[in-house]
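Everything on this sheet refers to the single structure shown next.
The values are calculated or read from the model by the stated rules, or taken from the named source; none is laboratory data. Computed from a predicted model, the values in this text were never measured in an experiment. Every residue, glycine as well, gets a Cβ built from its backbone with ideal geometry; the counts of neighbours run over all protein chains shown. Accessible surface is based on the protein model in full, side chains and every heavy atom, while ligands, DNA and RNA are left aside. Shrake-Rupley method; radii C 1.70, N 1.55, O 1.52, S 1.80 Å.
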Amino acid sequence: MNITQTLDAKGLACPMPIVKTKKAMDTLSTGDVLEVLATDKGALNDFKAWATAGGHTIVDQKEEAGVLYFYIQKA
Amino acid sequence: MEKKKTTIVLFSGDYDKAMAAYIIANGAAAYDHEVTIFHTFWGINALRKQEPVHVQKGFLEKMFAKMMPRGAEKLGLSNMNMAGMGPKMIKHVMNKHNALTLTQLIDMAQEQDIKLITCTMTMDLLGLQKEELLDGIEYAGVAAYLADAEDGNVNLFI
């Protein structure tokens, strides 16, 4: 998987992870993959819902040492 | 694709309720919605400039201006306000959790092109003038709000 851009949203509280992700996503092109790092506990459901609403695909996600990693492919 | 719309009426002048409104608004903007916040009654105080502004006012208007909170950071809490202790405590906790203050949320909303509307009828009632409110906000009445709300997908009254 080619990661086009990484966004560090660790430590940010709702709604900032989504707001920053949206901003980063706007700069990318279709098919690009954005890696997002988040620690907000709501992120798991938030990113799923946000990606679905925008038609984007979460191609992979994982949790390591309390940090959530999302790999979102732009629609 | 036509954008979805979120419209919020902010009636309350409580810090916590205004925060909730602005968090939802910013989230909705990140959801690619067109977002409108219609401020009426006490909700207008969130948009007051924090510094005093000199404008011509009658006695009652001056009284109102003095008694109402001047700007977002002066708002009280809807619960546990404890004569102003509550807001101090919650801001301390918010800072610890990296949550944005109401002022920062309002800045973020303007940056995300959220339409901030102030109800001109209540402005008159409360004796507030445009010079006392933040720049970049719109002034309108119920019809302008309804125009956005009638094809809205999310509509809240806070």
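Report relative contact order for chain A in percent, whole number only (criteria: Cα-Cα under 8 Å, sequence separation at least 6).
Once normalised by length, the contact order is 35 percent.
Which whole-number value in Å² is the accessible area per residue of the protein assembly as shown, probe 1.4 Å?
Details: 12440 Å² over 233 residues.
It amounts to 53 Å² per residue over the protein assembly as shown.
Hey, how many Å between the Cα centroid of region B:7-29 and the Cα centroid of region B:81-111?
Region B:7-29 and region B:81-111 have Cα centres spaced 13 Å from each other.
Amide H neighbours of A:D32 under 5 Å, counting only residues 5+ apart in sequence or on other chains, H built in-plane at 1.01 Å?
A:K74
Taking the Cα centre of chain B as the origin, how large is its charge dipole in debye, to the nearest 20, when only Lys and Arg (+1) and Asp and Glu (-1) carry charge on their Cβ atoms? Write down the numbers at each step before the final one.
Numbers: 16 positive and 19 negative charges, 150 e Å.
Using only the charged Cβ atoms, the result is roughly 720 debye.
Work out the P(r) tail for the protein assembly as shown: percent of alpha carbon pairs separated by more than 33 Å, whole number.
On the way: 6788 of 27028 pairs.
Here the tail beyond 33 Å accounts for 25 percent of pairs.
Of A:A13, B:G71, A:Q73, whose Cα points farthest to the positive end of the dipole of the protein assembly as shown (charges on the beta-carbon: +1 Lys, Arg; -1 Asp, Glu; origin at the Cα centre)?
B:G71
Evaluate the charge dipole of the protein assembly as shown about its Cα centre and quote only its size in Debye, nearest 20, assuming +1 on the Cβ of each Lys and Arg and -1 on the Cβ of each Asp and Glu. Working shown, then result.
On the way: 24 positive and 28 negative charges, 150 e Å.
In debye, rounded to 20, the protein assembly as shown gives about 720.
Can you give the helix-only mean residue ellipticity at 222 nm for the protein assembly as shown, where every DSSP H stretch with n ≥ 4 adds -39500 (n - 2.57) and the sum goes over all residues, rounded to the nearest 500 deg cm²/dmol? All intermediate terms of the calculation are to be shown ahead of the outcome.
Details: 8 runs with 85 residues, N = 233.
Rounded to the nearest 500, the figure is -11000 deg cm²/dmol.
Using the Cβ atoms and a cut-off under 10 Å, what net charge is assigned to the surroundings of A:T4, where Lys and Arg are +1 and Asp and Glu are -1? Provide the component values of the computation, followed by the final result.
On the way: positive: A:K74; negative: A:D32, A:E35.
Counting the neighbours of A:T4, the net charge comes to -1.
Run the Debye formula on the Cα coordinates of region B:1-151, all scatterers equal and no solvent, and tell me log10 I(q)/I(0) at q = 0.11, 0.13 1/Å.
-0.42, -0.59
Just the number, please: carbon plus sulfur as a percent of the accessible area of chain A, 1.4 Å probe, no ligands or DNA/RNA counted.
On the way: 1810 of 3770 Å².
Roughly 48 percent of what the probe reaches on chain A is carbon or sulfur.
Can you pull the mean other chain C-beta count within 10 Å for peptide B:90-100? Each step should come with its number before you reach the end.
Numbers: counts 0, 0, 0, 0, 1, 0, 0, 5, 7, 5, 6.
Partner-chain Cβ atoms within 10 Å, mean over residues of B:90-100: 2.
How high is the FRET efficiency from B:M85 to B:V154, r the C-beta distance, R0 30 Å, rounded to 0.05?
The formula returns an efficiency of 0.30 here.
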